[in-house]
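Here the structure comes first, spelled out in structure tokens, and everything after it is commentary.
The values are calculated or read from the model by the stated rules, or taken from the named source; none is laboratory data. Worth saying up front: this structure is predicted, and the values here are computed from it rather than measured. Every residue, glycine as well, gets a Cβ built from its backbone with ideal geometry; the counts of neighbours run over all protein chains shown.
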Amino acid sequence: MAENYVNFLAGNPLNRLSWLRSKTKFLEDIIESNKTQWIVFKNGYPLATTSAEGQVKGLASIGTSPLVNFLGPKPFFGQGQTEGQSGPEHKLLEGARIRGRRLVFLGVHEPEGSAALPSHEFINPENGSDIQGQPWFSIDIGDAPEDELERFLESVPVAAGEKATFVEPRGAHGSFSPLHASIFAEARSMVDWNNRNKFCPACGSPNFAMWAGWKLTCSTLLPWADNGSKAPCPSGTGLQNFAHPRTDPVVIMAVLDQTGEKILLGRNKRFPNGFVSCLAGFLEPGETIEKAVQREIWEEAGIRVSDVKYHSAQPWPYPANLMLGCYATADASQTIRLDLDNELAEARFYTKDEVRAVLAHRDGAVLRRNEYKRLEEVESGKALAPEGEPASTVSALDRPSFRVPPISAVAGVLITEWVNGRITNVAIKSSNL
């Protein structure tokens, strides 16, 4: 099994400079740097470049200038009580953005071999000019009027024959470069977290962003807040950050039989017909990775597994999952049951030859953009599960017997690594024993 396996969407190379997120002058300096790049979203859909026919060419990253109308008046960070005013020196105003769309500082892509200085060694503390490399920010402008968004798209510089558009991310991110994909994973999760959390979880009052989008604070704690007879917000003590940026761990596992020649795959009821994958589920409080794997396989398929081994992880920003890829071993003679939590439409053990033939097929490890769109609608409650829809418009004779995830998803990696014989430390018993 590979050590330090870097999955797609992982391997983010940015120096996140977390100790400088609270430094208002640093943030104000770099946000207007001609090196700064932005990942822009419209309600979670990233800005991408596409061909005239709509084929995604890659993630679009742009400078600050085209976004000026969306950023609001200065100062962008460290805002004070009134618009255009900087706040006083106060711990609750560090990198604060009290009004306007929330902005997230993602980090700096540094030149090879460079190293950021600790903040106390800067020649001019908090001075953005002392940072080497390319700063990255993100913003979601989905609340802007459509005509304003159209003008923005027309202003984005693109290559000849291409255009800028907002695209459904899960079906498009496979077209992003590894660098852009890894930064996108951070950006989308952070933008989503900021957009979802507009009120204090302790008292229900509006909150505001601090630390360049990495901390949310109750507005009743502002130095000028007039709270009348209202009791002090409980978030005023302790961490003062009840809503931390989310990372939701999910175990996803390739269950092999005791010979290592078969793998358990299933089709979730939300999946298109003919598409199967490794089983997966959320890690619960008080649970280890190993126990979560065992519980989820039992709940979804009625199978008892052992010898759980971790392989690799993958950020999955829909909205903030960390996929923990694992292998486990099971006796394939056990009866598969789908009537416990009723998540799966079907599940069975597939042979290595069956899966190898599917991987060799041009459509064997493909999930199309329109299918991702349907899955997104199902998850949001906007559509019924696509039970009766065909897997593709390809004729039945040309289709693979089933489909599996591509290697841009950790499930596809787990399946492919197994088929190619690169799994060595799972407890596989020889049939000769």
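Overview of values
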| read-out | value |
| --- | --- |
| Members of the range 212-231 found to be under 30 Å from residue 136 (Cβ atoms) and not β-branched (Val, Ile, Thr), listed by number | 212, 213, 214, 215, 216, 218, 219, 221, 222 |
| Pick from the range 190-207, criterion assigned to a loop (DSSP other than H, G, I, E, B) and in contact (Cβ under 8 Å) with a residue 12 or more places away in the chain, ranking: nearest to residue 46 (Cα to Cα) | 197 |
| Close pairs (7 angstrom Cβ cut-off, 6 or more residues apart or separate chains): touching a residue at least 12 places away in the same chain (Cβ under 8 Å) and not assigned by TED's automatic domain parsing to the domain that holds residue 355 in the range 275-297, assigned to a helix (DSSP H, G or I) and crowded, with 22+ Cβ neighbours inside 10 Å anywhere | none |
| Qualifying residue in the range 208-216 (condition: within 14 Å of the chain's Cα centre (by Cα), outside any strand (DSSP E or B) and not hydrophobic (A, V, I, L, M, F, W, C)) | no |
| Pairs with Cβ under 7 Å, 6+ apart, first in the range 162-189 and outside the structural domain of residue 368 (by TED's automatic domain parsing), second of a type in the set (Val, Ile, Thr) and not in a strand (DSSP E or B) | 164/156; 164/158 |
| Residue 257 modelled with pLDDT of 95 or more, in contact with a Pro (Cβ under 9 Å, 6 or more places away or on another chain) and surrounded by fewer than 20 Cβ atoms within 10 Å (Cβ to Cβ) | no |
| Tally of residues being surrounded by 23 or more Cβ atoms within 10 Å (Cβ to Cβ) and more than 8 Å from the chain's Cα centre (by Cα) across the range 312-322 | 1 |
| Residue within the range 166-181 that is surrounded by 15 or more Cβ atoms within 10 Å (Cβ to Cβ) and assigned to a strand (DSSP E or B) present | yes |
| Out of 167, 158, 191, sole residue that is of a type in the set (Val, Ile, Thr) and at pLDDT below 95 | 158 |
| Strands (runs of 3 or more DSSP E) within the range 217-293 that include 1 or more residues among the polar types (S, T, N, Q) and in contact with a Leu (Cβ under 7 Å, 6 or more places away or on another chain) | 262-268 |
| First in the range 77-96 and over 14 Å from residue 23 (Cβ atoms), second anywhere and modelled with pLDDT of 90 or more and basic (Lys, Arg), Cβ under 8 Å, 6 or more apart | 79/97; 79/99; 83/99; 84/74 |
| Only one of 41, 26, 77 that is of a type in the set (A, V, I, L, M, F, W, C), in a helix (DSSP H, G or I) and surrounded by 20 or more Cβ atoms within 10 Å (Cβ to Cβ) | 26 |
| Criterion: among the basic types (Lys, Arg), crowded, with 20+ Cβ neighbours inside 10 Å, over 27 Å from residue 167 (Cα atoms) and at pLDDT 95 or above - qualifying residue of 102, 97 | 97 |
| Residue count for the range 342-367, restricted to those that are under 26 Å from the mean Cα position of the chain (by Cα) and not β-branched (Val, Ile, Thr) | 7 |
| Contacts under 6 angstrom Cβ, first residue in the range 232-245 being more than 17 Å from residue 204 (Cβ to Cβ), partner at pLDDT 80 or above and crowded, with 18+ Cβ neighbours inside 10 Å, 6 or more apart | 245/193 |
| Residue under evaluation residue 337, criteria (1) outside any strand (DSSP E or B); (2) within 21 Å of residue 409 (Cα to Cα), criterion not met | (2) |
